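Data first, discussion second: the structure below is written as structure tokens.
Coordinate-derived values only; no laboratory data. Everything numeric here is computed off the predicted structure, so don't read it as measured data. Counting neighbours? That spans all protein chains shown, and the Cβs are built from the backbone with ideal geometry, glycine included.
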Amino acid sequence: DWIYRQLCETTTPIHTQLIPLIDAYINSILTPASKANPEATNQPITEQEILNVFQSSAGQGDGSRRHRYSITTQLLILYYILSFEENLLASTKQLALMQRKPKSYSAALMDQIPIKYLVTQAQGLQQELGGLHSALLRLLATNYPHLCLVEDWVCEEEVTGTLPLLRRMMLPSNTCRYTQSQLHQAFQKLPSSSPRLNRILEHLTLLSPGDLIPYAEALTASMALLLEPGVPRRLLQTLNKLWMGLNTVMPRRLWVMTVNALQPSGKLLRQQRYTQNDLMVDPLIVLRCDQRVYRCPPLMDIVLHMLNGYLLASKAYLQCHLKETADFDRQNQIVSNVAVPGQPDTPEVTREELKNALLAAQDSAAVQILLEICLPTSEEQPLGATTESLLRNNRGPVPGKSKQGSLLPTTRGSVEDTEPEGGLLSDLREVQCLICCLLHQMFIADPNIAKLVHFQGYPQALLPLTVAGIPSIHICLDFIPELLAQPQLEKQIFAIQLLSYLCTHYALPKSLSVARLAISVMGTLLTVLNHAKRFSFFMPTLPCLVAFCQAFPPLYDDVAALLVQVGQVCASDVATKVRDIDPFIARLQSLREKPLEAAAPCGGSSKLTLPQKTAEELGGADPDVQLCYCIEATFMDIISSTLHGL
């Protein structure tokens, strides 16, 4: 009680012995004074006593009882809570042996404490607080990694920097103050109230993040109204700016309110009010929002920020849960299985493996959902273009000229090439860029996620986007040989298609060696695949050879030999069924030996167009006939791209 009273009376500058005193107090709660008397421990501070300190904090309520306790008191109590939880987890083995399990503080209590706001305040008081700020940052990084995102620290610099400070200083003291009800009414009357709402939001941008806290509920509750048609983009961007400002002082409560506000509003769907715990257990809830958010870049930016935070929070939550229960479960297992040697170790290993498997599944599911969002819907595709036609026309990454201002270069047959004029300024493209940025961060943080996602595979139409938009995707070159060795044909096809784009974007010695391996694998599969599988494998992979030759001209001989070999196998099958009306193999040999003659003008037209015409005219239903003309068309594409490159 004396220690609690001392903490409540503390002011700056704090005494140098206060932090060691708190550490000693925590140790006395967890460790008995003597082995002879295991009950000789102090009692922890009660949850009600802690709530009394924080109930008037700037991050809670309306601030009517503000500063009843000093910021120093609140920071010291926060340090006590975080340090107590960390020491409790670290002492689980000893506590299990003593059959003692002190109760940790509830999640409901932690939700009432404005952790990020307090740490932000401590940043400006480092001289008076001694080492308290750095100690809090260490505890925060360990227990709340989602509150230590790099983007948040950068955003805080923008919010607390010189320019925002000057703008607030220029704000007249007698300026119009808008209330929460006025803000709510302006939202309800959209889109007719757009000018008034814009004035209110622009005024709020001049306030400090701490002063924005009373408006947080009104801002988040009406977010879904901005998804209606006719809402100006400026409103969405201003709201995004305000949300990012609030995120610097009250992220956890803000995320929960935002997730609940963006739920689908269909009449058949019963809306559920999610809690902080629900979102840490299942971060994918964040993506179960209104479908219109997927094509609203300012709000999608917010959703991706929350998803990244909750994926990190989920990892910390599961790790904490594992530590909290593993040692007690293991101790009970020892007591109940004394006669079974080796048995106690099994549950601990299994739990760790299960946790890792759950996190991997969680991360890969999030990536797959985000990749699916990147696909254009039927309404977004140009007239006459379907996903099937995009896949059919995608014959390999033969680069064209990139449009100025585009983040991603255009490639033949990709989604971007079929977009109408101005498509690069579309909401879809902006959302794709935001998603690619997040995936880039995830792949850097854990390369195993990239490996897992590419072993699972995703639509081939997205390969031009992912390879060009995710800089870290070049790490896929490390495991493509392993992917080629998989027994499933679809995985081998996906590996070759992915490699063709990687070779074009990353023409490195490593890419060359992997491309050689892929050509070798294709030659090997030709000798072992049956008739049906041969057609299924080579039709989508032969166009990839064009990219290999363009990225690495020394591969031309290997590719030409493979094409002739495949052509011989297919032509021999065709010859057993129908009369060979077209000297196919002779033409292939001629193309291989004299490629320049095939490209020479003949009667005003190039021979490069003849195979496509012949294939369209004959276009037989026989798979071998189709494959024969696909081989010849691939040859022509290689020659054409080589000449254009020269």
Just subtract the alpha-carbon distance of Gln123 and Ser472 from 0.36 nm times their residue separation and send over the number in nm, one decimal. 122.3 nm
Take the alpha carbon gyration tensor of the range 97-137, find the square roots of its eigenvalues, order them as a ≥ b ≥ c, and report rounded if a/c is under 1.5; if not, report prolate when a/b exceeds b/c, else oblate. oblate
Please work out whether the range 428-474 counts as rounded, prolate or oblate from its C-alpha gyration tensor, where a ≥ b ≥ c are the square roots of the eigenvalues and a/c under 1.5 means rounded, while otherwise a/b larger than b/c means prolate and anything else oblate? oblate
For a test of the definition: using alpha carbon positions, the gyration tensor, and the 1.5 limit on a/c, classify the range 194-310 as rounded, prolate or oblate. oblate
Pairs Lys116/Lys323; Lys451/Lys491; Lys355/Lys451: which are spaced more than 22 Å apart, C-alpha to C-alpha? Lys116/Lys323
Given a Förster radius of 56 Å and the C-beta distance between Arg233 and Asn37 as r, what FRET efficiency does 1/(1 + (r/R0)^6) yield to the nearest 0.05? 0.20
Residue separation times 0.36 nm, minus the C-alpha to C-alpha distance between Ala316 and Glu379: what's the value? 18.6 nm
